[in-house]
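Asks: The structure's right below; bear with me while I get my questions together.
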Amino acid sequence: MKKTENKNFFIKLLEDKEAMRECIQNGGDVNKTAEEHGIKLATPL
């Protein structure tokens, strides 16, 4: 059962990474995107 939980975690991680990359490339609001996906940034932007 742990393997499916890890798989879900990594899939979510890849989706979040793709959303952040797309936001940066299109000049979107990084803070808004991070908040929508529940990502906590180490340094404020």
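Read-outs: derived from the displayed coordinates by stated rules, not from any lab. Remember, predicted model here, so these are calculated numbers, not experimental data. Because the Cβ atoms are built from the backbone with ideal geometry, glycine has one as well, and the counts that use them run over all protein chains shown.
Asks: From the backbone phi of segment 12-28, what are the Karplus-calculated ³J(HN,Hα) couplings (6.51 cos²θ - 1.76 cosθ + 1.60, θ = phi - 60°) in whole Hz, Gly and Pro given as x?
Replies: Coupling constants for segment 12-28: 4, 4, 5, 5, 5, 4, 5, 5, 5, 4, 4, 4, 5, 5, 8, x, x Hz.
Asks: Determine the sum of side-chain charges near His37: Lys and Arg each +1, Asp and Glu each -1, restricted to other residues whose C-beta is under 11 angstrom from that of His37.
Replies: Taking every other residue near His37 into account, the sum is -1.
Asks: Right, next: Taking 0.36 nm per residue of separation and subtracting the Cα-Cα distance, what length does fully extending Arg21 through Thr43 add?
Replies: Taking Arg21 through Thr43 to full extension adds about 6.2 nm, to one decimal.
Asks: How many nm is it between the label spots at Glu35 and Lys7, if each spot is 7 Å from the Cα in line with the beta carbon?
Replies: 3.5 nm
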